[in-house]
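Report on one structure; see the data block that follows.
The values are calculated or read from the model by the stated rules, or taken from the named source; none is laboratory data. Computed from a prediction, not measured in an experiment: that's the story for all the values here. Positions of Cβ are backbone-derived with ideal geometry, glycine not excepted, and every protein chain shown enters the neighbour counts. Just the protein is used for accessible areas: all its heavy atoms, side chains included, with ligands, DNA and RNA removed. Shrake-Rupley method; radii C 1.70, N 1.55, O 1.52, S 1.80 Å.
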Amino acid sequence: MEFETLAIHAGQEPDPQFGAVMTPIYQTSTYMQDGVGKARQGYEYSRTRNPTRLALENCLAALEAGKYGLAFSSGMAATDTVLRLIDSGAHVLAGNDVYGGTFRLFEKVLRRYGLTFDYVDTTDPENVAEALTPQTRLVWLETPTNPLLSVTDIGAVAEAVHSHANNPLLVVDNTFATPYLQRPLELGADIVVHSTTKYLGGHSDVVGGAVIVKEVALHDRLAFLQNAVGAVPGPMDCFLVLRGIKTLAVRMDRHAENAQCLVDMLSGHDKLARLLYPFHPSHPQAAVARKQMRSGGGMVSFILKGGRSAAVRLAEATQTFTLAESLGGVESLIEVPAAMTHLSTAGSQIAVDPGLVRLSVGLESKNDLLQDLEQALDKA
Ligand SMILES: Cc1ncc(COP(=O)(O)O)c(C=O)c1O
């Protein structure tokens, strides 16, 4: 089956009891057993297994061309659980402009448990090959990145990582691209991570995360951790993500179409110092983006010549774009990463330019979005 069909049907059968077409929300923590230790169809307790969650997990696996999906209560919970695959003393190599929350988890939490981290510019796969050490057990990639939209060649990095003697795990955070635009497991990654809060949920009404893998042994270790650590989503949240996923393909097409329209207006605008969009010819990795992604997606970033004060004035002057953190919903959002989502990176090696503005381009009319951004730029 093709993507659009899988998005609507994978993992989801009409309910056998009443024929409900939509997956029921099994709002239960526990399940009646037919005898001591005789659970029905393996359902004992909802931290371990829940039918609504299982439908979501199977759907995610199908969309990412993986075999197994695991759902979590947030993208950070998914990230944290993946990092628990490796032991104290291990080295992790990560991209130097990963999401600020990922950086915070690595630096402020996991370092305390004896993991070590290095950050390199993964847009050059040579940098990854050179920075791998005998202790490296995991390589963490984000592409496109939040908020700079840097693009890394997943296939080239997979080759470098898997030809290293230790064969570290290659993890790709696919939140910005979604499986509709890019499928890292097909390009050689071992693990895909998502914040389902974003495009997969798609309506800014749920916080969630996911991990998808191909190999049973990796799945079993992660499923053990998912249950042992317990950062699982509730059934209602799983239902919301499942419902969001059904329209992912049409939403992503329109997000990209609207983003391209704004990019055309922003390109060469005299208030911009730099425009960042993966499919724009000025993007340093535009060729890689076109090779591994179906479209440039719905995120657009740019740096204003006027720096922080211009960025703040712009973000406070929009009307159709809502000033808010997060991304990937049907509504357009605007933010200033250095002062909002990426505040935790201030003063660090991955700090972002104070004049950077990030747009999550929604599904409103192109004309309204254009007009709003133009009038706000006039005030910046
Ligand atoms: C690329 C990326 N990964 C992970 C996360 C964390 O996800 P969550 O907020 O669902 O915990 C985010 C959140 O913004 C993100 O943008």
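The magnitude of the dipole of region 235-338, with charges of +1 and -1 set on the Cβ of Lys/Arg and Asp/Glu and taken from the Cα centre, is near 300 debye. Counting only residues at least eight positions apart within a chain, or on another chain, the lysines with an alpha carbon under 22 Å from that of Lys246 are Lys67, Lys198.
For region 259-380, the gyration tensor built on C-alpha atoms gives a rounded shape. Its axis ratio a/c (a ≥ b ≥ c) stays under 1.5. Heavy-atom accessible area for Asp205, with the other protein chains in place and a 1.4 Å probe, reaches approximately 70 Å². Surface exposure of the chain, expressed per residue as accessible area with a 1.4 Å probe, stands at 41 Å².
Evaluate the Debye formula for the chain with equal point scatterers sitting on the alpha carbons, no solvent, and hand back log10 of I(q)/I(0) at q = 0.15 Å⁻¹, in q order, two decimals. Result of the Debye calculation: -1.34.
Once you have the Kirkwood Rh of region 1-155 from its Cα pairs, apply Stokes-Einstein at 25 °C and 0.890 mPa s and quote D in µm²/s. Spell out each step's value before the answer.
Working: Rh = 18.6 Å.
Value of D from the Cα-based Kirkwood radius: 132 µm²/s.
Hey, in the GNM for the chain with a 10 angstrom Cα cutoff, which one of Ala158, Ala129, Ala61 fluctuates hardest? So, out of Ala158, Ala129, Ala61, the one fluctuating most is Ala129. Computed over protein heavy atoms with a 1.4 Å probe, the carbon and sulfur contribution to the accessible area of region 254-380 reaches 49%.
Ligands, DNA and RNA left out, the 1.4 Å accessible surface of region 77-170 is 45% carbon and sulfur atoms. Rounded to the nearest 20 debye, the dipole size of region 196-253 about its Cα centre is 100 debye, using +1 on the Cβ of Lys and Arg and -1 on the Cβ of Asp and Glu.
Once every DSSP H run of n ≥ 4 in the chain is given -39500 (n - 2.57) and the sum is divided by its residues, what mean residue ellipticity at 222 nm do you get, rounded to the nearest 500 deg cm²/dmol? List each step's numbers first, then the result.
Details: 13 runs with 130 residues, N = 380.
Roughly -10000 deg cm²/dmol at 222 nm, from the helical runs in the chain.
When you work out D = kT/(6 pi eta Rh) for region 71-169 at 4 °C and 1.567 mPa s, using the Kirkwood radius from C-alpha pairs as Rh and the Stokes-Einstein form, the result is 95 µm²/s.
Annotation: aspartates and glutamates with alpha-carbon distance below 14 angstrom to Lys271 (same-chain offsets under eight excluded): Glu374, Asp378. Estimated at 0.36 nm per residue, the fully extended path between Leu85 and Thr28 surpasses their Cα-Cα distance by 17.6 nm. To the nearest ten degrees, helix 235-245 and the longest principal axis of the Cα atoms of the chain are 50 degrees apart.
Modelled spin-label separation between Val36 and Asp264, with each label point placed 7 Å from Cα along the Cα-to-Cβ direction: 7.3 nm.
Reducing region 213-274 and region 96-136 to their Cα centroids gives an inter-centroid distance of 22 Å. Counting only alpha carbon atoms, the long axis of helix 366-379 and the longest principal axis of the chain meet at about 50°.
Here region 11-71 and region 313-364 have alpha carbon centers that stand 36 Å from each other. Projecting the Cα atoms of Val171, Gly42, Asn127 onto the charge dipole of the chain (Cβ charges, centred on the Cα centre) puts Gly42 farthest toward the positive pole.
When exposed loop sites are taken as GluC sites (Glu not before Pro) in a DSSP loop with at most 16 other Cβ atoms within 10 Å, the longest stretch of the chain clear of them is 45-214.
Roughly how tilted is helix 51-63, in degrees to the nearest 10 and between 0 and 90, from the longest Cα axis of the chain? The angle comes out at about 50 degrees.
Computed about its Cα centre, the charge dipole of region 41-178 is approximately 800 debye, with only Lys, Arg, Asp and Glu carrying charge at their Cβ.
Determine the share of region 211-252's accessible area contributed by carbon and sulfur atoms, expressed in whole percent, with a 1.4 angstrom probe. All intermediate terms of the calculation are to be shown ahead of the outcome.
Working: 1050 of 1660 Å².
The computed percentage sits at 63.
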